[in-house]
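Taking it in order: structure first as structure tokens, then the write-up.
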Amino acid sequence: SALKGHSIATKSRLSPSDVLQDVYEGKRVIKLPVVMARSDVVMNGALIPQDELIPESWDGVPVTWGHPNDGQGFISAQTPQTLSEWSIGRIFNSRVDGQALKAEAWIEVDRAMEIAPGFVETLLTTKSEMPIDVSTGYFSRDEDASGEVNGRPYTMLNRDVKPNHLAILAEEDGACSWADGCGLR
């Protein structure tokens with residue numbers, strides 16, 4: 001199975017009061033509420049069935065600044081070198097709420113300041129009114145299927161979903177929009 005990068009656009013309007021600050025393993029973290037995926041939204045021609053939204057499989061998954069790639073395509077976020085170059089936090093407290101896969105993105109402040117200059121400041125100031133996108137990265141087995149959900153056609157189902165990372169995208173739109181109910185909420 002190939003690593004999938006499914007963008008989830010968020011035209012979110014987080015206020016600084018929505019950004020919870022804490023300490024985890026001796027490091028300052030910011031906890032961001034996020035809807036990572038929905039079983040009723042077609043992403044890049046594929047649908048993740050409800051029974052594939054397994055929250056426990058997402059806990060501990062790296063949060064990266066963009067989708068890790070080697071210039072030739074997406075790569076796994078879960079290697080020492082990739083974690084060192086791309087990771088800014090972890091996913092915790094994953095759960096399914098209706099058709100939505102929700103969680104908290106725990107952003108390590110110092111790592112984020114190093115890898116994504118300006119991002120932490122954006123979250124903690126009124127600049128957080130700007131849109132922020134996230135995107136799921138996972139491995140799956142594609143199953144041919146066709147249908148339509150909410151007026152959008154799909155040609156495959158993503159089965160045996162194995163989470164790899166959640167990417168925060170600086171200036172990209174995604175396949176599941178904030179209007180669809182995804183993203184930093």
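Summary table
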read-out: Packing-based order for 55-67, 109-121, using average beta carbon neighbours within 10 Å, highest first; value: 55-67, 109-121
read-out: Pairwise label distance in nanometres, Asp70 with Val23, each label 7 Å out on the Cα-Cβ vector; value: 4.0
read-out: Residues listed by number, the stretch 31-70, amide nitrogen under 15 Å from Glu148 label point at 7 Å toward C-beta; value: 42
read-out: Percent RCO, i.e. relative contact order, over the stretch 34-185, from Cα pairs under 8 Å lying at least 6 residues apart; value: 35
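Bear in mind these aren't lab numbers, they're just calculated from the coordinates by the rules spelled out. All of these numbers come straight from a predicted model, not from anything done at the bench. Here the Cβ is made from the backbone with ideal geometry for all residues, glycine too, and neighbour counts use every protein chain on show.
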